[in-house]
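What follows is one structure encoded as structure tokens, with my remarks underneath.
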Amino acid sequence: GYSAAPFVPEGADLAALRSAAAGCRGCPLHGPATQTVFGSGEASARLVLVGEQPGDQEDRQGRPFVGPAGKVLTRALDEAGIDPDEAYVTNAVKHFKFELVPERGKRRIHKAPNLHELTACRPWLAAELRLIEPEMIVALGATAGKALLGSSFRVSRQRGMLLPCPDLDGYQSSGDCVVATIHPSAVLRADDRESVYQGLVSDLRVVARALG
Ligand code: URA
């Protein structure tokens, strides 16, 4: 199957991982995408936030969560008492997967990554976690939850609670260190934006409390 593993250098620091990831050909998503969008933040971060995949803006700018979903995320972190600048932010899949919609002026519409793409890209996420060894990991949405906790993960059932640290591709840690919540873009799609947003904030408060 597809895998990024052959592209992940051993003994690399975050900067070396980032430049290696720029040349990843571990799955077909690198073809249509503009660039790899690797994680952003410090190796010393106590908190890692994991999204799904870069969106249109992220694909163009090369940084995670710089578009509309990122604005929601930053505001929610702030409101929950977490400094957004102290978190390392990344995605389960590091290339933008999209469909061109000709009748909408060739707009690039986000498509959810499948299990093959999720599995292929996981060595990058595992390598980031091995280097950072965060105290807490936040799974933003179902895709991030599945990447971290396996395909039986369900946001609706598992959000807002402390979950056991995952064991993925050589990353291991003990105790409870994962909190899952909705994806911030779900706030933008919701009819009742305010209550969906407050749900996101309340899940992030669980993270803030755990970090102390
Ligand atoms: N949505 C994500 O999951 N990640 C990003 O980086 C941007 C939007």
Please list, ordered by chain and number, the residues whose modelled amide H lies under 5 Å from the amide H of Leu49; skip anything fewer than 5 residues away on the same chain. Tyr88, Val89, Thr90, Val138
May I ask which residue of Gly150, Ala15, Cys177 lies farthest towards the positive end of the charge dipole of the range 5-211, with charges of +1 (Lys, Arg) and -1 (Asp, Glu) on Cβ and the Cα centre as origin? Gly150
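Please give the peptides 24-31, 36-43 ranked by average Cβ packing (other Cβ atoms within 10 Å per residue), highest first, as a rough proxy for protection.
Values: 24-31: 17.4, 36-43: 20.4.
Descending mean neighbour count gives 36-43, 24-31.
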Suppose a student asked you for the relative contact order of the range 5-211, using Cα pairs under 8 Å spaced at least 6 residues apart; what percent would you report? 22
If we count other beta carbons within 10 Å of each Cβ, what is the order of Ser195, Ser3, fewest first? Ser195, Ser3
Relative contact order as a percentage, the range 1-100, C-alpha pairs under 8 Å and 6+ apart, gives 31
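Any read-out appearing in this document is the output of simple, stated calculations on the displayed coordinates, not a laboratory observation. This structure is a prediction, so every number in the text was calculated from the model and none was measured. Here the Cβ is made from the backbone with ideal geometry for all residues, glycine too, and neighbour counts use every protein chain on show.
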